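Visitor: Here you go, one structure.
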Amino acid sequence: MDKILKIAIAELGQKEISGPRDNPTIVNYAKEAGFDWVNDDETPWCSIFVNWVAKKAGLKDNGKANARSWLLEGMNVDASPEPGDVVIFWRDSPDSWLGHVGFFLGFSIDGERVYCLGGNQGNQVSVSAYSFENVLGFRRLMSSGIIALPDPILQKGDKGNAVKDLQNALKAANIDCGTSDGDFGRMTEDALKLLQSMKTGLVVNGVYNEETKDFLFQTLNA
């Protein structure tokens with residue numbers, strides 16, 4: 001998620017130009033994200049910005065301009081969102097089609113506000129606070145490229161980049177293992193046990209071995 005935030009933060013302050021002129025940078029977000037029909041900076045562009053950042057970060061975009069469309073992308077992380085995850089809000093009412101989407105930064109101390117880095121917030125790329133009551137969901141985007149699978153064996157207590165690669169691969173398979181911190185702890189072990197339980201014949205022990213690697217590869221390429 002660090003790459004997402006680095007890319008998005010670099011765009012802070014990009015603002016719509018009032019009147020007949022348009023901010024070429026905002027128009028370019030649309031063009032580079034595949035929205036060729038957008039030729040101005042007045043078309044609602046919060047989802048366009050998320051698409052653009054996702055592409056730049058090598059993550060799966062969805063090619064849709066509707067904010068709520070992101071509820072169907074990536075992995076549901078409502079229970080444990082991390083900075084850089086996508087956050088979707090409702091506008092007008094929870095049942096309307098209107099919404100807003102951006103990148104989650106964190107919660108206020110009292111948990112009642114959600115800090116969001118996004119486009120089209122006050123007509124610019126900015127950080128804004130929204131009511132937690134308006135949150136529809138948190139999603140973690142998956143890689144658009146080939147997922148690196150580390151060599152076995154890895155098990156609880158191991159640390160390093162190989163563990164981080166394993167954690168990222170588990171997330172890409174829609175199996176929540178918590179933060180990709182390179183520390184093989186209980187959540188990573190439990191995630192592997194869940195994966196192993198999905199295939200008859202695999203020993204469910206939470207150890208990343210050759211058989212588990214093969215099944216994870218099959219799952220990612222199904």
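Visitor: For the range 128-141, what are the residues that are buried (at least 18 other Cβ atoms within 10 Å of the Cβ), hydrophobic (A, V, I, L, M, F, W, C) and touching an Asp or Glu at 6+ places or on another chain (Cβ under 6 Å)?
Guide: Phe138, the sole residue that qualifies.
Visitor: Oh, and also: List the residue pairs whose Cβ atoms are under 8 Å apart, where the first residue sits in the range 147-175 and is farther than 13 Å from Tyr208 by Cα and assigned by TED's automatic domain parsing to the domain that holds Val204, the second is at pLDDT below 90 and small (Gly, Ala, Ser), and the two are 6 or more positions apart or on different chains.
Guide: Asn168/Ser143; Asn168/Ala148; Asn168/Ser180; Lys171/Ser180; Ala172/Ser143
Visitor: I'd like the residue in the range 8-47 that is closer than 16 Å to Cys116 by Cα and in contact with a Gly (Cβ under 7 Å, 6 or more places away or on another chain) and, out of all such residues, is surrounded by the most Cβ atoms within 10 Å (Cβ to Cβ).
Guide: Once the filter is applied, the top-ranked residue is Trp45.
Visitor: Quick one: count up the residues across the range 190-199 that are buried (at least 19 other Cβ atoms within 10 Å of the Cβ) and within 25 Å of Pro83 (Cα to Cα).
Guide: 2
Visitor: Do we have any residue at all in the range 65-72 that's part of a helix (DSSP H, G or I), surrounded by fewer than 16 Cβ atoms within 10 Å (Cβ to Cβ) and touching a residue at least 24 places away in the same chain (Cβ under 8 Å)?
Guide: No.
Visitor: Here's another thing I want to ask about it. Filter the range 71-94 down to the residues that are among the small types (Gly, Ala, Ser) and modelled with pLDDT under 90 and list them by number. Full working, then the answer.
Guide: Restricting attention to the range 71-94, the residues satisfying the condition of being among the small types (Gly, Ala, Ser) are 74, 79-80, 84, 93.
Gly74, Ala79, Ser80, listed by residue number.
Visitor: Taking into account only those residues within the range 142-176 that are of a type in the set (A, V, I, L, M, F, W, C) and in a loop (DSSP other than H, G, I, E, B), which is surrounded by the fewest Cβ atoms within 10 Å (Cβ to Cβ)? Spell out the reasoning first.
Guide: Of all residues in the range 142-176, those of a type in the set (A, V, I, L, M, F, W, C) come to 142, 146-149, 153-154, 162-163, 166, 169-170, 172-173, 175.
Narrowing further to those that are in a loop (DSSP other than H, G, I, E, B): 142, 146-149, 153, 173, 175.
Numbers: Met142: 19, Ile146: 8, Ile147: 17, Ala148: 13, Leu149: 17, Ile153: 12, Ala173: 22, Ile175: 19.
In this case the residue turns out to be Ile146.
Visitor: If I go through the range 106-126 residue by residue, how many of them are in a loop (DSSP other than H, G, I, E, B) and among the β-branched types (Val, Ile, Thr)?
Guide: Filtering the range 106-126 down to residues in a loop (DSSP other than H, G, I, E, B) leaves 108-112, 119-123, 125.
Next, from what is left, pick out any that are among the β-branched types (Val, Ile, Thr): 109, 125.
Residues that pass the stated criteria total 2.
Visitor: With the condition kept exactly as written, say whether any residue in the range 202-211 is under 27 Å from Pro83 (Cα atoms) and surrounded by fewer than 18 Cβ atoms within 10 Å (Cβ to Cβ).
Guide: No - not one qualifying residue is present in the range 202-211.
Visitor: Given the criterion within 18 Å of Arg139 (Cβ to Cβ) and under 12 Å from the mean Cα position of the chain (by Cα), identify the matching residue among Ala54, Ala33, Ala8, Ala67. Working first, answer last.
Guide: On the way: Ala33 fails: under 12 Å from the mean Cα position of the chain (by Cα); Ala8 fails: under 12 Å from the mean Cα position of the chain (by Cα); Ala67 fails: under 12 Å from the mean Cα position of the chain (by Cα).
Only one candidate passes the filter, namely Ala54.
Visitor: Taking the criterion of being touching a helix residue (DSSP H, G or I) at 6+ places or on another chain (Cβ under 8 Å), under 30 Å from Gly19 (Cβ atoms) and not assigned by TED's automatic domain parsing to the domain that holds Val204, would at least one residue in the range 123-146 satisfy it?
Guide: The answer is yes; a qualifying residue exists.
Visitor: For the range 135-187, which residues satisfy the criterion of being among the β-branched types (Val, Ile, Thr) and at pLDDT 90 or above?
Guide: Across the range 135-187, the qualifying residues are Val135, Ile153, Val163, Ile175.
Visitor: Ok, one more. Regarding Asn62, is this residue at pLDDT below 95 and within 30 Å of Met75 (Cβ to Cβ)?
Guide: yes
Visitor: Free of Cβ contacts under 8 Å to residues at least 60 places away in the same chain, more than 18 Å from Val114 (Cβ to Cβ), in contact with a strand residue (DSSP E or B) (Cβ under 8 Å, 6 or more places away or on another chain) and among the small types (Gly, Ala, Ser), is that true of Ser96?
Guide: Considered against the rule, which asks whether it is free of Cβ contacts under 8 Å to residues at least 60 places away in the same chain, more than 18 Å from Val114 (Cβ to Cβ), in contact with a strand residue (DSSP E or B) (Cβ under 8 Å, 6 or more places away or on another chain) and among the small types (Gly, Ala, Ser), Ser96 comes out as yes.
Visitor: How many residues does the range 189-211 hold that are within 12 Å of Pro150 (Cβ to Cβ), among the polar types (S, T, N, Q) and part of a helix (DSSP H, G or I)?
Guide: 0
The values are calculated or read from the model by the stated rules, or taken from the named source; none is laboratory data. Quick caveat, the model's predicted, so the values are computed rather than measured. Note that each Cβ is placed from the backbone with ideal geometry, even for glycine, and that neighbours are counted across all protein chains shown.
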